Structures are given as C-alpha cells and as structure tokens.
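Remarks on the structure that follows.
The values are calculated or read from the model by the stated rules, or taken from the named source; none is laboratory data. Since we're looking at a predicted model, the values are computed, not measured. When we count neighbours, we look across all protein chains shown, and the Cβ atoms used for this are built from the backbone with ideal geometry, even at glycine.
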Amino acid sequence: FKLYLNSFNNTPFATADAVRECLRKDINEAVWRGGTVMASVGVRLLLPEVFDQEPVHELDARSLDRLDIECTHYQPAPELLTAAFDEKPVSEVLTSHLLKSNCLVTGQPDWGSVQIRYSGPQIDQGGLLRYLVSFRNHNEFHEQCVERIFMDIWMRCKPTQLTVYARYTRRGGLDINPWRTSAPGALPSNVRTARQ
C-alpha cells in the first residue's frame, strides 16, 4: 500500500477531495476485483491543519513488556507459543510495544505495538512475549508479520476467536496498521498512539 501511495509522489491533484476520490476508487477496485460489491471502502483524509486536534491514545490491554523473561530467538519461533489446553478458557487482551522486524526491501527497522485479543485456552504470556521479540532480525512487510503472528497463534494455541492488531511507527511517511481477525465485527478505532 505504501508503494501504491508513493506512486503519486509527482501527481498533482486539484483538491484533497480529488485525492480522496482517487484513493476510494482504486482501493474499491483492488478489494472487489470484479466481484459483486457488498460494501464500499471509505477513505478519510486528515489535513495537516487538523493534526493537533487528533488525540493520542494507547492500546487498551494488559502489557507483556515488564515480564521477566530471557530472549534468545531472533527469528520467528512459533514453538515458543503454548497454551493451557487443560484449563478453563479465558478471554484476554494483551499488548506489547517490543515488536520489531525489518523491511523486506530496505532492511530498515520497523517498530510496532501489537494488541492480541483472544478467547480460548490461556496463552502462556512469557512464551508469547518471547515469540514477539523473536521477530527482531526477521525481514518481512508489516502486513505479512501480522498474518504470520495471527496464523502461528491460531495453529499453536487454538483460540476460538483471535484478533491481531499492530500499530507501526511511521516510516516512509505512512502509518501502517495491519489488523487480522477471525471474529466478525467492526474495525478497530484508527487512533494515533504516542509511539506513532
């Protein structure tokens, strides 16, 4: 998506509405690709003069970042993910600001905050944090990392519902905030976090 947006670097637009309409049209065409359109993707542009009116939030969840763990894996290690299959199922929302991977193209660091919302067997929190830290030397796009995190948790911990939401620090001029869920419902609020 970042490459798509940067393809407009030398394209003049008469108004912000023209930019919004171009994006809306292109995104809808890419999403539906000739299928029957059941909904329409909306685009909202925030102009620089209103940036200071946007509130700063934090991801609402229990932080894993203060757990006393030792990390030794720096490539994705799904074997670190375990769950208490013999215990009563839980519903939890967990977060970490220690997610870091590297851009697949440039190798530059991509830092992110990740929120994991799930129901099912309780996931071992120390193992989950070690797993998230294991992305440190991994080269992959933001969206691919979130998909990998989602699928690894889904396959290894077997939740009945799972949502993985990441808010990466801005690089290349764009916020990239992938979201993957097994649960139907509304998208998460697109709020700016202090780290962004």
| message | Can you find, within region 83-112, the residue that is farthest from the chain's Cα centre (by Cα) among those that are touching a residue at least 40 places away in the same chain (Cβ under 8 Å) and not in a strand (DSSP E or B)? | response | F85
| remark: The lone condition V43 fails out of (1) over 19 Å from N177 (Cα atoms); (2) outside any strand (DSSP E or B) is (1)
| field | Of all residues in region 82-109 being closer than 30 Å to R192 by Cβ and touching a helix residue (DSSP H, G or I) at 6+ places or on another chain (Cβ under 6 Å), the one that is surrounded by the fewest Cβ atoms within 10 Å (Cβ to Cβ) | value | L98
| said: Among (1) surrounded by 12 or more Cβ atoms within 10 Å (Cβ to Cβ); (2) farther than 24 Å from V114 by Cα, there is one condition F1 misses while meeting the rest; what is its number? | reply: (2)
| request: Return yes when S119 is more than 21 Å from A183 (Cα to Cα), hydroxyl-bearing (S, T, Y) and within 19 Å of the chain's Cα centre (by Cα) and no when it is not. | output: no
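Counting just the residues of region 180-191 that are of a type outside the set (V, I, T) and surrounded by 15 or more Cβ atoms within 10 Å (Cβ to Cβ), which one comes out nearest to the chain's Cα centre (by Cα)? It would help to see each step written out before you state the result.
Applying the first criterion (of a type outside the set (V, I, T)) to region 180-191 yields 180, 182-190.
Checking which are surrounded by 15 or more Cβ atoms within 10 Å (Cβ to Cβ) leaves us with 180, 188.
Details: R180: 7, P188: 11 Å.
The selected residue is R180.
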| task | Report, by residue number, each residue of region 113-134 that is touching a residue at least 60 places away in the same chain (Cβ under 8 Å), out of contact with any strand residue (DSSP E or B) (no Cβ under 8 Å at 6 or more places or on another chain) and of a type outside the set (G, A, S). | result | R130
| said: Within region 127-144, take every residue that is assigned to a loop (DSSP other than H, G, I, E, B) and not charged (D, E, K, R) and give me the one that is surrounded by the most Cβ atoms within 10 Å (Cβ to Cβ). | reply: F135
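Taking region 19-40, which residues are in a helix (DSSP H, G or I) and of a type outside the set (A, V, I, L, M, F, W, C)? So that I can check it myself, show each step before the final result.
First pass over region 19-40, keeping only residues in a helix (DSSP H, G or I): 19-32.
Correct list: R20, E21, R24, K25, D26, N28, E29.
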| task | Of the numbered conditions (1) of a type in the set (D, E, K, R); (2) surrounded by fewer than 16 Cβ atoms within 10 Å (Cβ to Cβ); (3) closer than 17 Å to D60 by Cβ; (4) modelled with pLDDT of 95 or more, E147 fails exactly one; give the number of that condition. | result | (3)
| request: Any chance you could count how many residues in region 5-18 are in a helix (DSSP H, G or I) and farther than 17 Å from R44 by Cα? | output: 1
| said: Being out of contact with any Pro (no Cβ under 9 Å at 6 or more places or on another chain), at pLDDT 95 or above and surrounded by 16 or more Cβ atoms within 10 Å (Cβ to Cβ) is the filter here; which residues of region 158-179 pass it? | reply: L162
| said: Here's a check for you: in region 48-67, which residue that is closer than 23 Å to V164 by Cα and charged (D, E, K, R) is surrounded by the fewest Cβ atoms within 10 Å (Cβ to Cβ)? | reply: R66
